[in-house]
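So the structure is just underneath, and the comments pick up after that.
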Number of protein chains: 2
Amino acid sequence: MPSFNPVSADLIAQLITILGSVNVSTARADIDLHAKDQSQHHAVPSEVVIWPLSAQQVADVLKLAHEQRVPVTPWGVGTGLEGNSIPVRGGILMSFERMNQIVAIHADDFQVTVQPGIGHKDLNAQLARHGLFFPPDPGANATVGGMLANNAAGIRTVKYGASKDNVLKMQVALADGRLIHVGSRSVKQSAGYDLLHLFVGSEGTLGVITEATLKLVPVPTHMSAALAAFPSIKSAVETVVAIRGSGLDPAALELIDANHCRMLREAEGINLSDHPTLFMEFHAAQETALTAGLEIVEDICKEMGALSFHATTDATERKKLWHARHHSYEIMVRSHPDKTFFINDVAVPISAYPELIATVEHIRDTQPITCYMIGHAGDGNIHVEFPFSGEEGYQQAMTANGLIVSKAVELGGTCTGEHGVGIGKAKYLRAEHGQALDVMHDIKTLLDPNGILNPGKIFVEG
Amino acid sequence: MPSFNPVSADLIAQLITILGSVNVSTARADIDLHAKDQSQHHAVPSEVVIWPLSAQQVADVLKLAHEQRVPVTPWGVGTGLEGNSIPVRGGILMSFERMNQIVAIHADDFQVTVQPGIGHKDLNAQLARHGLFFPPDPGANATVGGMLANNAAGIRTVKYGASKDNVLKMQVALADGRLIHVGSRSVKQSAGYDLLHLFVGSEGTLGVITEATLKLVPVPTHMSAALAAFPSIKSAVETVVAIRGSGLDPAALELIDANHCRMLREAEGINLSDHPTLFMEFHAAQETALTAGLEIVEDICKEMGALSFHATTDATERKKLWHARHHSYEIMVRSHPDKTFFINDVAVPISAYPELIATVEHIRDTQPITCYMIGHAGDGNIHVEFPFSGEEGYQQAMTANGLIVSKAVELGGTCTGEHGVGIGKAKYLRAEHGQALDVMHDIKTLLDPNGILNPGKIFVEG
């Protein structure tokens, strides 16, 4: 584990010289606002919060921190779910709140260049007038920098890919103060090593993203939604495989378990039965393609034993449905006012999804825990949500989480599909990666020899 | 530049112990068969050719070569276009010809696990019975290992992505003999650094791919082809932008210049005029979607000033058209029987494509060279093909190539879109990557401290 120096008065003065005094704070309120994300992980205070305004300032701060062996933890907007941006070793908390601008819209290229602190929802609001959008959608209004650092994904990933699939080029500040560019605005590039994807998903431990050029897609002109209830999760998942095999390319393919369906019906008035249900969305350039596609989807669902099928191309109804899906977590939290929630995140090859789900059901029925399941089924990704209270409840949830993660890895899957490693998943990486974890650590040491970049994340040893 | 030892009689004996004598050859015929790819780069003989049969054998050989400081150059089937697999420093030539099996078909997951020596056409022939295919198509029957090592792409990349977008997991042998797994069979993974994409496109200089799990897609049930001729390359390229903006998601979007059109008409009887022409293909799950899509495409082409438009859903006619496009290089070579050909490969953001093409036209008209253009326009990728003879002709083509590459990089593009760096593009990487090239070299040194893996490629300094 690397050893660090505390933030000295001298360093604060140097930070003020680089950033200006309005962009450096040791006030308790600022420290506390940047000590915890949306996960169950405990708050840890940094020693100073800074708000850089430019890539060069980021680089200058890193160079100082590197020389003085002080930790630097980058911060988007704190929507992480694995403690990814909690400054567990103290030091400098680097907020990107004031680097939140669109740098350039390249409409003909379906690209936009942004500063890392812009929220993806804010970005998409500004892109709407160009008929374009940045498709990865992790739910919360996460910053683009945070999404790239964690390789965030979400509901539309089944069609449009994760964050890593929707970025072309980044500017990155290295620990030693170098500013480099990785990737290319050319959508095709075979010119040397793919450093772009090395930094994407590295959670700020290899370098700090200071600018990114994103791939955009045209806003679909025609959209539909469909709901299908099934007698079992197994038949629902088999339907997922059949729909993907049909070539229909769904834009969302979500599984909601029976308990969630009941909660959504009661809270939002959505017409759902107490059965595992698939929420689907389809995008098309033509109305006729959409209608023809829905007929195929209905045929597949019925063939696979669906108890009910309902489809709509009405925008209001579709939005109501997805509003309920998007807010399912809040609805669940509201219905357990005395509980804290822990959200698990694992993913497996789709063929292993039924076995994974059966394991979760078995754990739910045999362990002293309650849990709910909601999943990006089209991607083989599931979130198991545990309401708990107290330290004992937390440990019970963690034990169940460990069993689910082990099963996912055993099935050829991953300990985290989209939330990143952060604090909570570090202990599972050896089982998932074997000796490749040593290569990751060697690269970490190469690029950040003093270990100042977001310490305490990804690697158990710091 | 690293210094190496020659292949000793003792090393040959050790190779025979690992591989068996039938898989080790110093015969002149074998050396010569593995000394040159399909590019204009000169043949260079290795000292011994070996055919490993397993990942462990690959790892064992690398460990020996690492300890004895002997170069190892991996070889697929020799279809490279930048000398990527020419053993320029001698040593061991490692052919994957005998590791060419499908390891497992995961039909429900739309995945296949293969040994690296399988040809992608041979793979797709075997996958057809499952209704699936591996979409990257570089033209020649390249091996999957070679495609991944070079991040090869081709005609269908505009819809389905390059090789890097169609691989999920690989087994890689490192220079020191470790065998690691990178990536995951889960289509989503946010568990640590993306080593998968670090090795993809690294041209065998960081490790040797010994197994790969590929993403597959359902064979489309309905396909169409369309041809549109334009008065200028500028209007053709503006049409490309408009089609991509329509959300129609073409499966191919190729630009053929007027000279190529004339050659294809004369050699293959395709009904083409002497004008820049777009070759397009569309895939859909439903007939109605295809028909509706073609109407939109026709409207766009006419609005953009197309001189002619012809579309077909007839399989025979479509295949004839694409046969001509696929064989355009051979047709061109046949029509210049006294020439050698050099193929340039650059790519830019699509908005810069007209300026790039204008630069090529200017170079063609002012330099002592002839050239033809054929491009994956949907990706901003162009190949400029130079017929030449003799050393002077070669130097003239190289000068023109350098001017085109510089322009592409200046326009925010890349010195190679799909052929890789190999020998010919190494000198352009500094201009394209700046200080990021130092990071690439540091990673090379970290993973291959003795520099034995495919030396003389990617980096000018060896």
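A few points about this structure:
- Residues A:MET440, A:MET94, B:MET398 arranged by fewest to most Cβ contacts within 10 Å: B:MET398, A:MET440, A:MET94
- Computed [θ] at 222 nm, deg cm²/dmol, chain B (DSSP H ≥ 4; -39,500 (n - 2.57); rounded to nearest 500): -11000 deg cm²/dmol
- Cβ-derived FRET efficiency at R0 45 Å, A:ASP176 paired with A:HIS326, nearest 0.05: 0.60
- B:VAL333 versus B:LEU403: modelled label distance in nm, points set 7 Å from Cα along the beta carbon direction: 2.7
- Averaged over B:217-229, number of beta-carbon atoms from partner chains that fall within 10 Å: 1
- With Cα atoms defining each centre, the range B:369-388 and the range B:413-432 are spaced 16 Å apart in the structure.
- Near A:GLU303: Cβ cut-off under 14 Å, other residues only, Lys/Arg at +1 and Asp/Glu at -1. The net charge is -3.
- Value of D in µm² per second that Stokes-Einstein yields for chain B, Kirkwood Rh from Cα pairs, at 4 °C (1.567 mPa s): 56
- Using a Förster distance of 51 Å, the FRET efficiency for A:THR221-A:THR366 (Cβ separation, nearest 0.05): 0.55
- Measuring between their Cα centroids, the range A:53-115 and the range B:62-103 lie 41 Å from each other.
- The phi torsions of the range B:203-218, fed into the Karplus equation with coefficients 6.51, -1.76 and 1.60 and a -60° offset, translate into couplings of 6, x, 8, 10, x, 10, 6, 10, 6, 8, 9, 9, 7, 10, 10, x Hz, rounded to whole numbers, with Gly and Pro shown as x.
- Proximity of backbone amide H atoms, modeled 1.01 Å from N, is registered between B:ALA252 and B:GLU281 at under 5 Å, excluding neighbours fewer than 5 places apart on the same chain.
- Other protein chain C-beta atoms within 10 Å of residue C-beta, averaged over B:434-443: 6.
- A:GLU298/B:ARG430 FRET efficiency (R0 45 Å; Cβ-Cβ; nearest 0.05): 0.20
- Copy-to-copy label separations for A:ASP122, where each label sits 7 Å from Cα toward Cβ, in nm and ascending: 5.5
- Scalar couplings 3J(HN,Hα) for the range A:23-36, obtained by applying the Karplus form with A = 6.51, B = -1.76, C = 1.60 to θ = phi - 60°, are 10, 9, 9, 10, 5, 3, 4, 5, 4, 5, 5, 10, 10, 7 Hz; x denotes Gly and Pro.
- Starting from the label point of B:SER335 at 7 Å along Cα→Cβ, the same points in the other copies fall at 6.9 nm, in ascending order.
- For the peptide B:173-186, the mean number of other protein chain Cβ atoms found within 10 angstrom of a residue's Cβ is 5.
- Taking amide H atoms as placed 1.01 Å from N in the peptide plane, the amide H of B:ASN151 lies under 5 Å from those of B:GLY201, each 5 or more residues away in sequence or on another chain.
- Computed 3J(HN,Hα) for the range A:377-389, one whole-Hz value per residue from the Karplus formula 6.51 cos²θ - 1.76 cosθ + 1.60 where θ = phi - 60°, is 4, x, 9, x, 9, 10, 10, 9, 10, 10, x, 8, 9, glycine and proline marked x.
- Spin-label pair B:GLU287-A:ASN141: with each label point 7 Å from Cα along the Cα-Cβ axis, the two points sit 4.9 nm from one another.
- The alpha carbons of the range A:102-218 give a radius of gyration and a Dmax of 13.2, 40 Å, in that order.
- Normalising by residue count, the protein assembly as shown has a Cα convex hull of 161 Å³ per residue.
- Cα-based helix-to-principal-axis angle, B:436-447 vs chain B, degrees rounded to 10: 40
- Between copies, the label points at B:ALA104 (set 7 angstrom from Cα along Cα-to-Cβ) are spaced 4.6 nm, reported in nanometres from shortest to longest.
- B:HIS383 long-range amide H proximity, modeled H, under 5 Å: B:ILE374, B:GLY375, B:HIS376
Where a number appears in this text, it was derived from the coordinates with a stated rule and is not lab data. What you are looking at is a predicted structure, and each value in this text was computed from that prediction instead of being measured. Note that each Cβ is placed from the backbone with ideal geometry, even for glycine, and that neighbours are counted across all protein chains shown.
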